[in-house]
Structures are given as C-alpha cells and as structure tokens.
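**Q** Dropping a structure here in structure tokens format, bear with me for questions.
Please treat every number below as a calculation from the coordinates, not as lab data. These figures come from a predicted structure and were not determined experimentally.
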Amino acid sequence: MPASGVAARFPSVPVDLPAGEFVVRGVRLPGRADLQDISVSKGRIAAIGHELACDAPAVDGRGRLLTAGLVETHIHLDKAGIIGRCQICEGTLAEAVAETSRAKSGFTVADVYDRAAAVVEAAILGGTMRLRTFVEIDPRAGYRSFEAIKAVRDRFAPAIDIEICAFAQEGLSNDPGTEEMLDRALNEGADLVGGCPYTDPDPAGHIARIFELARRHGVAVDFHLDFDLDPTGSNLPRVIAETEARGWGGRVSVGHVTKLSAWRPDAFDAIGRRMAQAGVTVTVLPATDLFLTGRDADHLIPRGVTPAHRLAALGVTASIATNNVLNPFTPFGDASLMRMANLYATVAQAGTPEALDTVFSLVADSAARLLQPTSPYGVVVGAPADLVLFDAASPGEAVARIAPALMSWKAGRPVMHRPPARTYW
Ligand SMILES: [Zn+2]
C-alpha cells in the first residue's frame, strides 16, 4: 500500500498520555454540571464517580468537557482535496458532479489513499472516532477509490471506525455497469450501499434498485436525496414507502433533503413524523447545502439548509456532517465536526443553551444512532473508552466556541494530544 507522509506519521502516538489503566480526573460530562472522574481499564470505561479511589496514572481534566468521540455520518473521502484539478464557474450541483466525474477518471489508488488519509487524520485531530464515507464505484472510478479507502480504513482502524458506503453518484439506469460493480463491492468489503436518484433519469427505479441491492446483501442504504429548493417533486415519500414495505426501518438514511427547507411548517412536521415512524434517518450537510443551492438568486439568497434539530425534535434520528472537503461540491473544509456544528447553529439560528446542546448531539449521540453500531456509545460504564477532552465546559459551549479537541483515547489507547495554545506575554 502506498506509504504517504501523512499515514506514515500516524503510529507515533504521543507518549505523554497514559494508556491501559488510567483515570481522567475533574472532567465535566454532557448533561452533568459537577466534576467527575473516569477510570479506564482494558480499553473500557471501568468506573465513573466523584473523586474515585484509583492508583492508576491520572490526567487532570481541569474542569473540561469529556465526551465520547464525535461521529461523522456522511463524508466523501475519495474525492476530497481535488479542488486544484477542477474549475468552479457556476458553483452549481450539476457543475460539481460533472467536474468531479472528469477528475475521477484520473484517480489512482495511491492518489486517493493520500488525499483520504490526510482528511482522516484531520478528522481524528478534531475528535472524530466513527465515520461513514461514500465511495464512488462506477465505470470511471473503477474499483481504485474503493481499494484505496479500504486500505485507509485498515490503516486507521486503531483510531477511528470507518464504514464504507458503495455509492452510485452518477446514476444507475443511465450508467451501465454501475449496478453490477456495486454488487461486487458489497461482496468485497463495502458495509452498505448508497444511491443518488437526482442524477438518474428514473429516480423511482433507482431507489428500488438500491433497496434491492441492500436486500440481497442484508445491508443499510443511504440516499443523496431532494437536493434542490423546489418544494415539489420530493422523492422522500417514495423512500419512506420502500422502507416500510421492505421492513428496512433503522437502516435507511437520507442526506441533504434541502427541499424540506422550502416546506411550510405543517408539511415539514408531517414528513418529519412519517420519517420518525418509518425509521428513516437524516443527515444535513450545511457547508455543501449553503455553497451549491440558491444559485439562481441574485439577492436574498436562500440558505437551503434543512433544520435537522427540528427533525430531531419530531423524533427523527438526525445528524449534521461534513460531506465534502476542498472539491467542487465544497471548496472549503477541514473535517472538523465542531466547526460544522457551529456553522449549522449559526445558519439554523440555534443559539440558546438548550439548542446548542441539541446541535452538539447531532455530531455525537444522535449521529451515533444513525450509523450501524458495533459497540455501545457514550461515556458510560462498560462502553469502549473512546474519549475526547474538549477545551470547553459543556457541549453547547464547545459548539459556540468551536472548541478544539485537546486529547483523545480510542479503546483506552492514546490517539491525539494538542496542548492548549499559549501566549508569551
Ligand atoms: Zn454527500
């Protein structure tokens, strides 16, 4: 496998953080105001309490927030970091798809590996420990991106859990060969399958075929859906109907659904309740949605960001996520979920302490419920010691201040350490 500079540096974890048996003292946990100690043993959280009696090496949490690792539910590692190879003239979704399609014909395994590894390292430095990445598998990409992302998944496994979604970005009925390639990828290490009805001339057929692949392999589905601001023509009712007909609730996600931002509250609430009932989960991608939508307006440009926290209040399992980093879909980015949460809170006008706490949950526990969990999530006794110390006193404050991750452990193993910045005057 290509040994990129980024990946090659990774094994040298900090030696100044304890591993194995240790205790983190004087931290604040989400939802609790008083200071707590957390002891770790054999990779799991052994005890939580006030001034725990424990002789193991200790880290002084200094009253900061300790949480489970953040959860990125929707990112495209394969096409990150290609902005230098693409042109943005119109800034539209159609242009982004076309420019990326052209670029990916030239992707090599080593190229994808290096770009993806850099993004994963940035995510880890931001406190992310679970991640779902889409990987385009079609006649232009071949299996090169897929092979590279599988290698990245294996390389970073000690630090982050990566789910791979085999993804039909450019359609199925209009792209002969793609369906068979997705089928093979699901036999060869992909965890779930993703569809994109808006690039297929037959959206309903596309949705049915993706569900059929999922049924055949017993995996979850994740659709890029309703990615425009026309309130009519939603494909969400069809996805809900297929979910219910196939008994696939809890294994169906939709991303973007920017159309819903154009719906009046009564219609919005009604579809939210139907999603909750059917077990259809949602990820909102604030950076991409802001960048690509509303391009036909020349003033009072609509925001086009569906209010995920309002869907969460209706009972929908909801998250917000990065989507793209430095490519024609989003020529910005650093894979920081805390920054994305802050961006979302600003756009969604979610500014009360309660609202900010909810926004935090959209990159934490709510996001964890959206993925296909392999282990319990949260700072609870018995859960894996996947812990991040943030430079804030509460989840809401962390979102408001874009608090950096200061140190983290995955299964009790040190992952990163960022000493607080200091001035010299
Ligand atoms: Zn996406």
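**Q** P(r) tail for region 174-303, what percent of Cα pairs lie past 24 Å?
**A** 31 percent
**Q** Given the Cα-Cα distance of Ala267 and Arg216 and 0.36 nm per residue of separation, how much length would full extension add, in nm?
**A** Length gained between Ala267 and Arg216: 15.0 nm.
**Q** Another question, then. For the chain, what's the relative contact order in percent, using C-alpha pairs closer than 8 Å and at least 6 residues apart?
**A** Contact order relative to length: 20 percent.
**Q** Still on this structure, I have one more. Quick check: the distance between the Cα centres of region 298-346 and region 56-119, to the nearest angstrom?
**A** 15 Å
**Q** Pick from Thr67, Thr352, Thr128 the residue whose mean-square fluctuation is largest in a GNM of the chain, springs joining Cα atoms under 10 Å.
**A** Thr352
**Q** Compute the separation of the alpha-carbon centres of region 167-208 and region 351-425 and state it in Å as a whole number.
**A** If we compute the Cα centre of each part, the gap is 34 Å.
**Q** Still on this model: What is the Cα coordinate range of the chain on the first, second and third principal axes, sorted by size from largest, in whole angstrom?
**A** 64, 51, 49
**Q** State the extension gain, in nm to one decimal, for the chain segment bounded by Ala47 and Ala421, taking 0.36 nm per residue of separation less the distance between their alpha-carbons.
**A** Between Ala47 and Ala421, full extension yields 131.6 nm more.
**Q** Hey, which of these cross-link pairs are over 30 Å Cα-Cα: Lys259/Lys410; Lys79/Lys259; Lys150/Lys259; Lys42/Lys79?
**A** With Cα atoms farther than 30 Å apart: Lys259/Lys410; Lys150/Lys259; Lys42/Lys79.
**Q** Could I get the Rg over Rh figure for region 41-180? Both from C-alpha atoms, Rh via Kirkwood, rounded to two places.
**A** 1.13
**Q** Could you give the angle, 0 to 90 degrees to the nearest 10, between helix 203-217's Cα long axis and the longest principal axis of the Cα atoms of the chain?
**A** So the inclination is approximately 50 degrees.
**Q** Here is a follow-up. Does anyone have the angle between helix 109-125 and the longest principal axis of the chain? Alpha-carbon axes, 0 to 90°, nearest 10?
**A** Once rounded, the angle reads 50 degrees.
**Q** Oh, and also: So what are the radius of gyration and Dmax for the Cα set of region 155-200, in Å?
**A** According to the Cα coordinates of region 155-200, Rg and Dmax are 12.6, 40 Å.
**Q** Helix-derived [θ] at 222 nm for the chain: sum -39500 (n - 2.57) over DSSP H runs of at least 4, divide by residue count, nearest 500?
**A** Only helices count here, giving -10000 deg cm²/dmol.
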